[in-house]
Amino acid sequence: MQFRSDNAGPVHPRVLAALGQANSGYAPSYGTDALTARVTERVRALFEAPEAAVYLVPTGTSANALLLATMARPWQAIFSHEVAHVAVDECGAPVFFADGATLITVGGKSGKMSPEALQTAMSATGNGDVHAIQPGPATITQITETGQIYQLSEIRALYEVTRGHGQKLHMDGSRFSNAIAASGATPAEMTWKSGVSALSFGGTKNGLMGAECAILFDPECAWEFELRRKRSAHLFSKHRYLAAQFDAYLTDDLWLETARAANANMARLVDGLSRIPGVGIIDRPAANMLYLTMSRRAHRAAFEAGALYELAPFYAPLDGDMDEILKARLVCDWSLEDAEIDRFIALVAQIA
Ligand SMILES: Cc1ncc(COP(=O)(O)O)c(C=O)c1O
């Protein structure tokens, strides 16, 4: 009953097989190998962006931080939602790698930045005042940290705000594949056609061993990104092993297959849980992440029976009033078995 994180799931066998295949003989290092060149072309084709600069890095934090550092100057502010991973879960990495740029958070429902809040926050910076922080790029998370999807019109509205301030829009697409699988939009429509300049295209949560793709649709800053990646110690020498993972990911649309499976697992879970009176579903999930409420008693019983998921916040105490309602986050990955999902639903039906 594994609902803790899609990070906790296994590597897809086709990815492991691709790593095995790549593990033969010698290949040029630091991204100059043929497999990396092939992945670059495949990513460009997938995103209908023949000029895009495409880079592989080992973590989502490095993709986000290095892209944002490339997009922002040290005297600028980076704007994110207040629950964004970049703001609360990256130990200050974007600010660190962006040479001290400021991070300003803004609000909005369902983890989505509201254009009005972004406009207000951006307008409060700069204005020709040498004493002030200047406006910089904004970043949005797709799917959001609360499991919702930005519609294309919502992305475009945020882009218009950033553009009005001469700035660009970044997307943390740690679960980008889940958003594409759920929405039916094309990768191009969800990114550069809606005004996104740079994307962190996630792989690790969706079946890879540890590889993320940083894409600059506007390649004018490509060299700066390359220098930042090296200087921050994120340029892999045996780069073919990052490339082999992404090559497998893009072959026969594995990235979509695993994302669809993860989303379908979540749909099955929500379908079952939403019929149980003691369970409150918060914002019906659009992809593979769910927030729900149950009593502390029910959570305790679930954990004692071996269910794995996180309370929200994760440090919420398990001791206290047993009737108190506590929030929790559940995530489904592609590999979950139907029987495990059903076992959890049956358990919750008894204890909630
Ligand atoms: C929304 C989001 N962005 C980025 C990341 C990247 O994380 P990591 O650096 O752990 O690969 C995560 C991981 O949990 C995430 O949930």
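The values are calculated or read from the model by the stated rules, or taken from the named source; none is laboratory data. Fair warning: this is a prediction, and the values are worked out from it, not measured in the lab. With ideal geometry, Cβ positions are generated from the backbone for all residues, glycine too; neighbour counts draw on all protein chains shown.
Consider Leu158 against the criteria (1) over 16 Å from the mean Cα position of the chain (by Cα); (2) surrounded by fewer than 18 Cβ atoms within 10 Å (Cβ to Cβ); (3) not acidic (Asp, Glu): it satisfies all of them except one. Which criterion is unmet?
For Leu158, the exception is condition (2).
Here is a yes/no grid of residues against (1) in a helix (DSSP H, G or I); (2) of a type in the set (D, E, K, R); (3) in contact (Cβ under 8 Å) with a residue 12 or more places away in the chain; (4) surrounded by 24 or more Cβ atoms within 10 Å (Cβ to Cβ):
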site: Ala181; (1), (2), (3), (4): yes, no, yes, no
site: Lys205; (1), (2), (3), (4): yes, yes, yes, yes
site: Gly210; (1), (2), (3), (4): no, no, yes, no
site: Ala222; (1), (2), (3), (4): yes, no, yes, no
site: Phe225; (1), (2), (3), (4): yes, no, yes, no
site: Leu235; (1), (2), (3), (4): no, no, yes, no
site: Lys238; (1), (2), (3), (4): no, yes, yes, no
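List pairs: first residue in segment 74-98 and at positive phi, second residue within 10 Å of the ligand (Cβ to nearest atom) anywhere in the structure, Cβ distance under 9 angstrom, at least six positions apart or on different chains.
Cys91/Thr61
Hey, can you tell me all the residues within segment 253-274 that are touching a residue at least 60 places away in the same chain (Cβ under 8 Å) and polar (S, T, N, Q)?
Thr258, Asn263, Asn265
Tally the residues that are away from the ligand (no atom under 13 Å from the Cβ), under 28 Å from Asn127 (Cα atoms) and not in a helix (DSSP H, G or I), restricting the search to segment 147-179.
Residues meeting the conditions: 5.
With the condition kept exactly as written, say whether any residue in segment 319-327 is touching a residue at least 24 places away in the same chain (Cβ under 8 Å), crowded, with 16+ Cβ neighbours inside 10 Å and not assigned by TED's automatic domain parsing to the domain that holds Tyr26. Step through it out loud before you land on a result.
As a first pass, look at segment 319-327 and keep what is touching a residue at least 24 places away in the same chain (Cβ under 8 Å): 320-327.
Those left that are additionally crowded, with 16+ Cβ neighbours inside 10 Å: 326-327.
Subset that is not assigned by TED's automatic domain parsing to the domain that holds Tyr26: 326-327.
Scanning segment 319-327, I find at least one residue that is touching a residue at least 24 places away in the same chain (Cβ under 8 Å), crowded, with 16+ Cβ neighbours inside 10 Å and not assigned by TED's automatic domain parsing to the domain that holds Tyr26, so the answer is yes.
Yes/no per residue for (1) in contact with a Phe, Trp or Tyr (Cβ under 8 Å, 6 or more places away or on another chain); (2) polar (S, T, N, Q):
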position: Gln142; (1), (2): yes, yes
position: Ala157; (1), (2): no, no
position: Arg163; (1), (2): no, no
position: His170; (1), (2): no, no
position: Met190; (1), (2): yes, no
position: Lys193; (1), (2): no, no
position: Lys230; (1), (2): no, no
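I'd like to check something: does segment 292-306 contain any residue that is touching a residue at least 12 places away in the same chain (Cβ under 8 Å), under 15 Å from Phe3 (Cβ atoms) and in a loop (DSSP other than H, G, I, E, B)?
yes
Across segment 51-82, what is the number of residues that are within 14 Å of the ligand (Cβ to nearest atom) and surrounded by 19 or more Cβ atoms within 10 Å (Cβ to Cβ)? Explain how you work it out, then say what you get.
First, the residues of segment 51-82 that are within 14 Å of the ligand (Cβ to nearest atom): 56-68, 80-82.
Narrowing further to those that are surrounded by 19 or more Cβ atoms within 10 Å (Cβ to Cβ): 56-57, 60-68, 80-81.
So the answer is 13.
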